[in-house]
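Have a look at the structure below, then the notes.
The values are calculated or read from the model by the stated rules, or taken from the named source; none is laboratory data. From a predicted model like this one, the values you see are computed outputs, not experimental measurements. Backbone-built Cβ (ideal geometry, glycine too); neighbour counts: all protein chains shown. Ligands, DNA and RNA are stripped out before the accessible areas are found, and what is left, the full protein with its side chains, is counted by its heavy atoms. Shrake-Rupley method; radii C 1.70, N 1.55, O 1.52, S 1.80 Å.
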Amino acid sequence: MAMRRSDVLIVGAGHGGAQTAIALRQQGFEGDIEIVAAQVEAPYERPALSKEYLSGDKSFDRLLIRPEDFWRERSIRMTLGRRVVEVSSTDRHVRLDDGQVIEFGALVWAAGGTPRRLTCQGHDADGVYTIREKADVDRLNAALGFNPRVVIIGGGYIGLEAAAVLAKSGKPPVLLEAGERVLARVSAEPLSRFFEAEHRRHGVDIRLSTSVVCIETVGARVSGVRLGDQTVLPAEAVIVGVGLAPAVEILQEAGAEMSDGVLVDALCRTSLDGVYAIGDCARHPNAYSDGGLVRLESVQNASDQAVTVARTIMGGDEPYVALPWFWSNQYDLKLQTLGLSQGHDQVVVRGRPDQRAFSVIYLRDGRMIAIDCVNAVKDYVQARAWILDRRSPDVEALRDPLTPLKAVPAVPAAQAQGSHTPV
Ligand SMILES: Cc1cc2nc3c(=O)[nH]c(=O)nc-3n(C[C@H](O)[C@H](O)[C@H](O)COP(=O)(O)OP(=O)(O)OC[C@H]3O[C@@H](n4cnc5c(N)ncnc54)[C@H](O)[C@@H]3O)c2cc1C
């Protein structure tokens, strides 16, 4: 098989891979760039899959990150529908699933991840869906046309967004969450309780602290979900949203250091010479985390790391420093999150959840480290300076939604510490 060479070879045509190629050209890189990806589509906006694409409000061509000819015009070679099955960092080449070998000067691993699956009996039955790729949603939408009873497993963002789409279309599902509240991994209790109430109001049957024993089947098809208390919920479709497994096996086999994802430094370098990693699959030092390394699953992180890795490849040494942000749309609710709340020791609710416009603010040692804003765009915009400057707001003023965030007085951090009510 003929061998070819790319100065920069990017594995993955998601947000990270696409933005790396864009950033390289924006930064004046003139060498060869090739993107190899398992997905068959040109790079597209993944978040819409559980939102406007699932609901049918946006057609696929409106999700493309760039028009199809953008890539050709910038001499970015796209090899789609092909999987990298082997990486050699010593020989600086990859092997594809059809046997092609591509040599590289630098390799950027932006392979994202695959949805975690259930392990119980029936987990792979017909009618069990995950939402990660366009094809997943196309299959799910085809099935929804038959008006099935739907059970969603997992009360994270994807499960909740799918529940909102179904409820809005008049088919509210049952949603099962193993923990005591939804969104527990990322948010404080006031936000979880608010979203639980909203979903229930729209007819979603949310069941908390509920374990799944197995998926019941008739033949190869789903017929229901058996719960820990042995009740069986009838269902013809089950959507599983229980997290992501980073796609790093190939890099692991190549010898890269791992820890729930591939380890990278602040320049997005893995432990392998000439091999970089970004996005959902990369555990990295983050200036806004509580000390440790983090792996973030967000468009912001993938896109900003793409800019960093492009700089690094072009000889720069500017570390990755970007304030994390995230969003989710459910019903008419716009949730926007800024910062990382892990490690907070105080939570302040600002505004009134019953009026469906409020913020949840996370403090550590009196300093604002993160905010969740529900229909509160002004707070989202004005919180940025607080979090970036790591300043300590006066908590009483903070609680009052009539005082704009930017007008809240700052207090010395030591004073703020003294007023703590730990959570
Ligand atoms: C349903 C859904 C909703 C989301 N909503 C939001 C949201 O509202 N806001 C937000 O910020 N983020 C959201 N996210 C997360 C966001 O989409 C991801 O963080 C982002 O896509 C990560 O980009 P990435 O480049 O790391 O990986 P991905 O976008 O997953 O791209 C991975 C690429 O790697 C390819 N690939 C994988 N393995 C191989 C291999 N061995 N060989 C070749 N190619 C390979 C894949 O085909 C794909 O092209 C959502 C994700 C999903 C699935």
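The residues listed here are ASP354, ASP365; of these, the one that is among the acidic types (Asp, Glu) and touching a residue at least 40 places away in the same chain (Cβ under 8 Å) is ASP365.
From the list GLU45, GLU86, the lone residue that is modelled with pLDDT of 95 or more, touching a helix residue (DSSP H, G or I) at 6+ places or on another chain (Cβ under 9 Å) and over 28 Å from SER298 (Cβ atoms) is GLU86. Working only within the range 75-107, note down all residues that are touching a Leu at 6+ places or on another chain (Cβ under 8 Å), more than 9 Å from the ligand (Cβ to nearest atom) and either among the basic types (Lys, Arg) or assigned to a loop (DSSP other than H, G, I, E, B) (or both). Correct list: SER89, ARG92.
Condition first: assigned to a helix (DSSP H, G or I) and either within 9 Å of the ligand (Cβ to nearest atom) or basic (Lys, Arg) (or both). Can you find one or more residues in the range 26-39 that meet it? Looking for residues that are assigned to a helix (DSSP H, G or I) and either within 9 Å of the ligand (Cβ to nearest atom) or basic (Lys, Arg) (or both), one finds none in the range 26-39, hence no.
Checked against the criterion of being closer than 30 Å to ARG352 by Cα and open to solvent by less than 20 Å² (accessible area, probe 1.4 Å), the candidates GLU198, GLU189, GLU180 yield just one match: GLU198.
Of all residues in the range 137-170, those satisfying the criterion of being away from the ligand (no atom under 13 Å from the Cβ), among the small types (Gly, Ala, Ser) and part of a helix (DSSP H, G or I) are ALA142, ALA143, ALA167.
Do you know which residues across the range 403-417 are assigned to a loop (DSSP other than H, G, I, E, B), open to solvent by 50 Å² or more (accessible area, probe 1.4 Å) and at pLDDT 95 or above?
Going through the range 403-417, the residues assigned to a loop (DSSP other than H, G, I, E, B) turn out to be 403-404, 408-409, 411-412.
Checking the rest, the ones that are also open to solvent by 50 Å² or more (accessible area, probe 1.4 Å) come to 404, 409, 412.
Once the filter is applied, which keeps residues that are assigned to a loop (DSSP other than H, G, I, E, B), open to solvent by 50 Å² or more (accessible area, probe 1.4 Å) and at pLDDT 95 or above, the range 403-417 yields PRO404, PRO409.
Looking across the range 1-23, the residues that are within 23 Å of ARG295 (Cα to Cα) and of a type in the set (A, V, I, L, M, F, W, C) come down to LEU9, ILE10, VAL11, ALA13, ALA18, ALA21, ILE22, ALA23. ILE387 passes every criterion in (1) part of a helix (DSSP H, G or I); (2) modelled with pLDDT of 95 or more; (3) over 28 Å from the mean Cα position of the chain (by Cα) apart from (3). Hey, could you check the range 300-319 for residues that are part of a helix (DSSP H, G or I) and open to solvent by 30 Å² or more (accessible area, probe 1.4 Å) and say which is nearest to THR270 (Cα to Cα)? That would be ILE313. Within the range 43-74, the set of residues being within 10 Å of the ligand (Cβ to nearest atom) and either of a type in the set (Gly, Ala, Ser) or more than 27 Å from ASP97 (Cα to Cα) (or both) comprises PRO47, ALA48, SER50, LYS51, TYR53, LEU54. Go through the range 235-293 and give me each residue that's at positive phi and either touching a helix residue (DSSP H, G or I) at 6+ places or on another chain (Cβ under 7 Å) or among the aliphatic types (A, V, I, L, M) (or both). Scanning the range 235-293 gives GLY261, CYS268, GLY279.
Scanning the range 1-25 for residues that are more than 9 Å from the ligand (Cβ to nearest atom) and either out of contact with any helix residue (DSSP H, G or I) (no Cβ under 8 Å at 6 or more places or on another chain) or at pLDDT below 95 (or both) yields a total of 9.
Take the range 211-265 and flag every residue that is of a type in the set (Val, Ile, Thr) and surrounded by fewer than 20 Cβ atoms within 10 Å (Cβ to Cβ).
Once the filter is applied, which keeps residues that are of a type in the set (Val, Ile, Thr) and surrounded by fewer than 20 Cβ atoms within 10 Å (Cβ to Cβ), the range 211-265 yields VAL213, THR217, VAL218, THR231, VAL232, VAL242, ILE250.
Looking across the range 257-287, the residues that are away from the ligand (no atom under 15 Å from the Cβ) and assigned to a loop (DSSP other than H, G, I, E, B) come down to GLU257, SER259, ASP265, ALA266, LEU267, SER271, LEU272, ASP273, GLY274, ALA287.
Residues in the range 27-76 that are among the aliphatic types (A, V, I, L, M) and open to solvent by less than 30 Å² (accessible area, probe 1.4 Å): ILE33, ILE35, VAL36, ALA37, ALA42, ALA48, LEU49, LEU54, LEU63, ILE65, ILE76. Applying a threshold of 9 Å to beta carbon distances and a minimum spacing of six or more residues, or different chains, the list of pairs starting in the range 325-348 at a residue that is open to solvent by less than 10 Å² (accessible area, probe 1.4 Å) and ending at one that is within 10 Å of the ligand (Cβ to nearest atom) and among the basic types (Lys, Arg) reads SER328/LYS51; GLN330/LYS51.
On inspection, PRO148 does not qualify as closer than 14 Å to ALA235 by Cβ, buried (at least 20 other Cβ atoms within 10 Å of the Cβ) and either touching a strand residue (DSSP E or B) at 6+ places or on another chain (Cβ under 8 Å) or of a type in the set (A, V, I, L, M) (or both). Of all residue pairs spaced 6 or more apart or on separate chains, those with beta-carbon atoms under 6 Å, a first member in the range 81-92 that is on the phi > 0 side of the Ramachandran plot and a second member that is in a strand (DSSP E or B) are ARG92/GLU103; ARG92/PHE104.
Selection within the range 1-14: residues that are surrounded by 24 or more Cβ atoms within 10 Å (Cβ to Cβ) and more than 15 Å from GLU68 (Cα to Cα). The member of this set that is farthest from the chain's Cα centre (by Cα) is VAL8.
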